[in-house]
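Asks: Structure provided below as structure tokens; questions to follow.
The values are calculated or read from the model by the stated rules, or taken from the named source; none is laboratory data. From a predicted model like this one, the values you see are computed outputs, not experimental measurements. Because the Cβ atoms are built from the backbone with ideal geometry, glycine has one as well, and the counts that use them run over all protein chains shown.
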Amino acid sequence: MISAIEQRLEEPSSRGLAQAVSRSVRDGALPPGARLPPIRALATALGLSPTTVSAGWALLARSGAIRTDGRRGTTVADLRGPAPGRYRRALERQLDFAVDLSTGIPDPQLLPNLGPALSELTTAGIPGSYLDDPVLPGLLDVLKAQWPYAAQELMVVDGAMDGLDLVSRSLLRFGDRVIVEHPCFPPLLDLLESIGIEVVGVPVDDAGLRPDPLTTALGSRTAAVFVQPRAQNPTGASMTEERAQVLAPILAQAGMPVVEDDSAGAVAASAPISLGQWIPDQVIHIRSFSKSHGPDLRLAAMSGPSNLLREVIHRRELGQGWSSRVLQRVLLSLLTDPAAVADVDRARDEYTRRREALVAALISRGVQVASGDGLNLWVPVHDESAAIVRLASQGVGVTPGSPFDVLQGGGGHVRVTVGLVAEGQEELAEILAAAANTGSWGSRAR
């Protein structure tokens, strides 16, 4: 086993070791379930330091290539089946709830009417060439007019996660170190770790990413920074212009790509904002239309400088090529039809009303929650598991907070999709407040 790794070791570093193990697995020299040598034994055999081997093991563990199980040691993972991932753990339903506030989805009643847009479609259309412009010219004009800064390139992708996936797989390499927000959207963490990326968390407050911890984190080599500029999922925080002006020079000095995921889009109450206004050569900005116009529309727009998007566009040309122009035509109609625009505006105002009502009701009961923005509310709880069990017993489903955590010791939380709470905020707040103060077995509630 050691000889198989040694034969494939091209670079005496943690990344080189991780790549050698990956090649050994791919070549069949290390089958699933094979127990790997202890760190010190392997370090001695390969002439590496134990620290280097440990770092290599950490890279492999984050990518899911190996598993560590206490006394059983470290073994090669069976990658033939999908790992459960944070996202699945966060959203996997154990019960059918009378009130399910765990989903993070928009209220179907607040989506714009698709009837007029669909009535304009008589044919799916045929491109003149498979090399036609992937974005409808009319849609491109509308997007540019609504964009928060003057972007060099703008493309349409199949939803925000498609954009994040394209960017991550195009610009990042195995073992790269990236900075994300704490707490962070679980699918992004799953995506990054699935390709062997080292994830470093930087906490957010009500104004966005905190500058001092960011500066500290940037003290080590960083390949990219991922942020949600408004209605951060799960906290609801939106980056202020004042905070952006502080962050921009810090990030400019570091010089790496900054990937912004504006997942709430047009239903966010805060104004569109992007660090691209200050550091356009570094920013890739993604705006989703899922929350505002419908998750099944599967569309998002993505901007960035040509040098960063070049590899992304090339990768896409080798795959799906372009996002459906039929769906682009639907989106163009929704973005320009006055009635549809008014529908989205009403939805934004209604989500704000629902959020503010529940926030006020919780605060009046001693649960300190930030008002924030968007569809979700980040509720602090004394004991996360106990709170979830209590709520489930009352027919209320929420999302556990732990899959969102990047840093340790942040305290327990649950995420509540407040956007689905049309009425009854006082009653729901009573239930949530009781759950927030529920302790684990053997402890006193407070």
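Asks: Return the total of residues in the stretch 372-405 being in contact with a Leu (Cβ under 9 Å, 6 or more places away or on another chain) and surrounded by fewer than 19 Cβ atoms within 10 Å (Cβ to Cβ).
Replies: Total meeting the criteria: 2.
Asks: Sort through Arg15, Arg40, Arg23, Arg67 and tell me the only one that's outside any helix (DSSP H, G or I) and of a type in the set (Lys, Arg).
Replies: Values: Arg15 fails: outside any helix (DSSP H, G or I); Arg40 fails: outside any helix (DSSP H, G or I); Arg23 fails: outside any helix (DSSP H, G or I).
Checking each option against the conditions leaves just Arg67.
Asks: Would you mind stating whether Ala340 is of a type in the set (A, V, I, L, M, F, W, C), over 24 Å from the mean Cα position of the chain (by Cα) and either within 30 Å of Val418 (Cα to Cα) or not assigned by TED's automatic domain parsing to the domain that holds Ala266 (or both)?
Replies: Working: of a type in the set (A, V, I, L, M, F, W, C): yes; over 24 Å from the mean Cα position of the chain (by Cα): yes; either within 30 Å of Val418 (Cα to Cα) or not assigned by TED's automatic domain parsing to the domain that holds Ala266 (or both): yes.
So Ala340 fits the description; yes.
Asks: Out of the residues in the stretch 386-415 that are in contact (Cβ under 8 Å) with a residue 12 or more places away in the chain and hydroxyl-bearing (Ser, Thr, Tyr), which is nearest to Thr103 (Cα to Cα)?
Replies: The selected residue is Thr399.
Asks: Of all residues being among the hydrophobic types (A, V, I, L, M, F, W, C) and farther than 23 Å from Leu111 by Cα in the stretch 371-383, which is farthest from the chain's Cα centre (by Cα)? Just the residue, please. Can you show your working first?
Replies: We begin by selecting, within the stretch 371-383, every residue among the hydrophobic types (A, V, I, L, M, F, W, C); these are 375, 377-379, 381.
Next cut, farther than 23 Å from Leu111 by Cα only: 378-379, 381.
Values: Trp378: 16, Val379: 19, Val381: 23 Å.
Looking at the filtered set, the residue picked out is Val381.
Asks: Still on this model: Before we move on, is Ala360 surrounded by fewer than 19 Cβ atoms within 10 Å (Cβ to Cβ), under 27 Å from Val156 (Cα atoms) and either aliphatic (A, V, I, L, M) or touching a Leu at 6+ places or on another chain (Cβ under 7 Å) (or both)?
Replies: Numbers: surrounded by fewer than 19 Cβ atoms within 10 Å (Cβ to Cβ): yes; under 27 Å from Val156 (Cα atoms): no; either aliphatic (A, V, I, L, M) or touching a Leu at 6+ places or on another chain (Cβ under 7 Å) (or both): yes.
So Ala360 fails the test.
Asks: Only one of (1) surrounded by 13 or more Cβ atoms within 10 Å (Cβ to Cβ); (2) at pLDDT 90 or above fails for Leu172. Which number is that?
Replies: (2)
Asks: Looking at the stretch 384-413, which of its residues are more than 17 Å from the chain's Cα centre (by Cα) and aliphatic (A, V, I, L, M)? Outline the logic, then answer.
Replies: First pass over the stretch 384-413, keeping only residues more than 17 Å from the chain's Cα centre (by Cα): 384-398, 408-413.
Selection gives Ala386, Ala387, Ile388, Val389, Leu391, Ala392, Val396, Val398.
Asks: Considering only residues that are touching a strand residue (DSSP E or B) at 6+ places or on another chain (Cβ under 9 Å) and of a type in the set (Ser, Thr, Tyr), which ones fall in the stretch 278-313?
Replies: Residues satisfying the conditions are Ser288, Ser290, Ser303, Ser306.
Asks: Can we say Ala361 is more than 18 Å from Pro112 (Cβ to Cβ) and either free of Cβ contacts under 8 Å to residues at least 24 places away in the same chain or outside the structural domain of Asp141 (by TED's automatic domain parsing) (or both)? Don't jump to the end; show me each part of the working.
Replies: Working: more than 18 Å from Pro112 (Cβ to Cβ): yes; either free of Cβ contacts under 8 Å to residues at least 24 places away in the same chain or outside the structural domain of Asp141 (by TED's automatic domain parsing) (or both): yes.
The answer is yes for Ala361.
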